[in-house]
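Single-structure report; data block below.
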Amino acid sequence: MAPILVFVAFLATAVTEVRAAQCACATGNVNVRSGVGTRYSILGVLRVGRCTSFEGDRRYGWVRVNFKGRNGWISGRYVNIQTCSGSSGTSGSTSSVCPRITSRSEWGASPPRSTSKLNRPVKYAFIHHGASAPCFSQSSCSAMVRRYQNQHMNRNGWSDIGYNFLIGEDGNVYEGRGWDRRGAHTRGYNSVGLGFCFIGNFMKRAPNSAALNTAKALIACGVSMGKIQSNYILRGHRDMGSTDCPGTALYNIIRRWPNY
Ligand SMILES: [Zn+2]
């Protein structure tokens, strides 16, 4: 028995030491340079929504990456560091990483009463908050999204949940009307933009980094898939109408994001 036990113990140790690979994913088209700072030469461009492997070093706000097999540096302002999905980034190749989207059937959506198509790519990305209690797990966020849908359909009389996507502080995206259907979120602009709603109330506190990073990745993903124009305009709901949405704390953050 002893050799088997030792072998099993070895296997368990080996498995726990495998870390998920980390990727640097571009939130806008960004130059990859040979060193830290803009005086270094440009090795190439990491396009919006594309990812390459993060090599673990950060210096003066820059991050070190493996870019097509070469050592490169990118300003941390233009990338999210996130877990690579699939085989992305593992060999220094670039890949597109879109966050996984929790489907309507997964969160238990009611079917829409009617739908209308959106002309893509859209010019605007709008940020909202639900002004509700927060959620930090897939089950509690799913329940909150069902509650939003009930309010929108039964109290407001809309055809479906208003937002195109919702983001929880569990770090997950929840599919609302999705990329291709016109939403009900930003009066006067629903036919030219997508509505992204953070679940919770962000007047006084900011969403956690999991939610913020997921939202940035989702917008970059929309650009890389041709759903959002590459020169899109990012706005908070309050920029387009008289509302507190998306909350002052969140609004102050998105004003520093690309394309605001
Ligand atoms: Zn709003």
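The values are calculated or read from the model by the stated rules, or taken from the named source; none is laboratory data. Keep in mind the model is a prediction, meaning the values are calculated, not measured. Neighbour counts run over all protein chains shown; Cβ positions are idealised from the backbone, glycine included.
Overview of results
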quantity	calculated
Count - residues of region 228-260 that are farther than 20 Å from V30 by Cα, more than 11 Å from the ligand (Cβ to nearest atom) and not hydroxyl-bearing (S, T, Y)	3
Any chance I167 is crowded, with 16+ Cβ neighbours inside 10 Å and either touching a residue at least 60 places away in the same chain (Cβ under 8 Å) or over 21 Å from K123 (Cα atoms) (or both)	no
Failed criterion for N231 (all others in (1) without any contact (Cβ under 8 Å) to a residue 40 or more places away in the chain; (2) buried (at least 23 other Cβ atoms within 10 Å of the Cβ); (3) in a strand (DSSP E or B) hold)	(2)
Region 203-228: number of residues that are assigned to a helix (DSSP H, G or I), touching a residue at least 60 places away in the same chain (Cβ under 8 Å) and either touching a His at 6+ places or on another chain (Cβ under 7 Å) or more than 17 Å from Y174 (Cβ to Cβ) (or both)	3
G168 being away from the ligand (no atom under 12 Å from the Cβ), modelled with pLDDT of 95 or more and of a type outside the set (V, I, T)	yes
In region 111-133, residue farthest from K204 (Cα to Cα) [restricted to those that are touching a helix residue (DSSP H, G or I) at 6+ places or on another chain (Cβ under 9 Å) and within 16 Å of the ligand (Cβ to nearest atom)]	A125
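Yes/no matrix, rows are residues, columns are (1) over 21 Å from the mean Cα position of the chain (by Cα); (2) modelled with pLDDT of 95 or more:
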site: S85; (1), (2): no, no
site: P99; (1), (2): no, no
site: S110; (1), (2): yes, yes
site: S116; (1), (2): yes, yes
site: N119; (1), (2): yes, no
site: S139; (1), (2): no, yes
site: H152; (1), (2): yes, yes
